[in-house]
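Beneath this line is the structure, given in structure tokens, with notes to follow.
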Amino acid sequence: MHIPDGFIGPGISAAAGLTAIGGFAVALRKARDYLTDRLVPMAALVAAFVFAAQMVNFPVLPGMSGHLLGGVLAAVLVGPWAGCIVMSLVLIVEALLFADGGLSALGLNIVNMSLIGAVVGYLVYRVLFRLGGSRPTAVPVLAGLAAMISVPLAATGFVLEFGLGGTVESISIGSVFWAILGTHVLIGIGEGLITFVVVGAVMRSRPDLVYGSPTFGGTRSEELVS
Amino acid sequence: MRKGMTFFGAGLLVTLVVAVVIAQFASTEPDGLEYVAGQEGFLETAQDHPLAESPLADYGGDSKSNLILSGVVGVLVTLGLGYLVFTVVKSDKTSAEG
């Protein structure tokens, strides 16, 4: 889902850059409130894992692949704000070292995958978790479900940016929307499965390290949804 | 502490296996965005990345050794950068309270 340079014009790219910087600053402040000695290595590990998992494209349709976004995974494990920082760091490393995602598009990618993918994705998780009765045993399934939903949500961010700042005038935005939505609903199934498996594995071994679970052993920030 | 180290070590091992071993079997087909861009006719508006000629560009591209290098470098850099940033953010709290 990494946007290269050239898809979106400079105005919207710059606006997204400012939004990304603002969002990152808020995330730093909010994460500060709940970061503990225990959470620091966990957040660093989650960043490395999201990077690694994003390298593994899985086949989705003939001629098309997808890979983990990881926003909900990171947010459920280390909280939405540290999760937002994790995703932003991964995107910065990918753009600066691996030529994945354009440099002028970095703000766009952070808005879509970090602010929408992790923070809005966590909001979806919290709503599902409340509706599901707030049981620890439901954490992996609901994290997977929220992750599944987060992919078309993040992809809709791209469609919005393309509608506002796309560099080709003649393209029907409705047609792009349905094509992006359809493909990313399918990619979201993979996202949901991977998130379910990984969150499930951490819940089995160290439930006290899962921020989004009632079993979490640390302090939390004010919840987005109580 | 020991329990924490065991979890961290196991997590790092899994991460390296994903980046170095499982990544070898990754699909090389375009991702969803690139696929739609091709179908809808805006793929050609993509500009080459300034670092497109780097050995790490596109995680090594077709080169197996550069793919392995990319996996190891990427995991260590994100881990190190993450540790650094989160340590600074946390110590900021300590100084704000003290």
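The values are calculated or read from the model by the stated rules, or taken from the named source; none is laboratory data. Computed from a prediction, not measured in an experiment: that's the story for all the values here. As a convention, Cβ positions derive from the backbone with ideal geometry for all residues, glycine included, and neighbour counts pool all protein chains shown.
Miscellaneous remarks
- The residues of segment B:25-37 that are part of a helix (DSSP H, G or I) and loosely packed, with under 15 Cβ neighbours inside 10 Å amount to a single one, B:Phe25.
- Residue within segment A:72-79 that is within 10 Å of another protein chain (Cβ to nearest Cβ), closer than 22 Å to B:Ser27 by Cβ and β-branched (Val, Ile, Thr) present: no
- Yes/no for A:Leu68 being within 19 Å of the chain's Cα centre (by Cα), touching a residue at least 40 places away in the same chain (Cβ under 8 Å) and within 21 Å of A:Leu181 (Cα to Cα): yes
- Residue within segment B:62-72 that is within 29 Å of A:Ala155 (Cα to Cα), at pLDDT 95 or above and assigned to a loop (DSSP other than H, G, I, E, B) present: no
- Any hit, segment B:16-24, residues being assigned to a loop (DSSP other than H, G, I, E, B), at pLDDT 95 or above and either surrounded by fewer than 18 Cβ atoms within 10 Å (Cβ to Cβ) or facing another protein chain (nearest Cβ under 7 Å) (or both): yes
- Residue in segment B:81-95 that is within 18 Å of the chain's Cα centre (by Cα) and more than 7 Å from chain A (Cβ to nearest Cβ) present: yes
- The set of residues in segment A:85-94 being more than 7 Å from chain B (Cβ to nearest Cβ), crowded, with 23+ Cβ neighbours inside 10 Å and of a type in the set (A, V, I, L, M) consists of A:Met87, A:Leu91.
- The residue that is surrounded by the fewest Cβ atoms within 10 Å (Cβ to Cβ), among those in segment A:28-39 that are under 25 Å from B:Gly74 (Cβ atoms) and out of contact with any Lys or Arg (no Cβ under 6 Å at 6 or more places or on another chain), is A:Arg38.
- Hey, A:Phe58 out of contact with any Phe, Trp or Tyr (no Cβ under 9 Å at 6 or more places or on another chain), touching a residue at least 40 places away in the same chain (Cβ under 8 Å) and at the interface with another protein chain (Cβ under 7 Å from one of its Cβ atoms) or not: yes
- When segment B:25-52 is filtered for residues that are facing chain A (nearest Cβ under 7 Å), within 18 Å of the chain's Cα centre (by Cα) and hydrophobic (A, V, I, L, M, F, W, C), the ones remaining, listed by number, are B:Ala26, B:Leu51, B:Ala52.
- Elements of the type helices (runs of 4 or more DSSP H) sitting completely within segment A:1-103 and holding at least 3 residues that are under 27 Å from B:Val20 (Cα atoms) and not aliphatic (A, V, I, L, M): these cover A:39-54, A:80-97.
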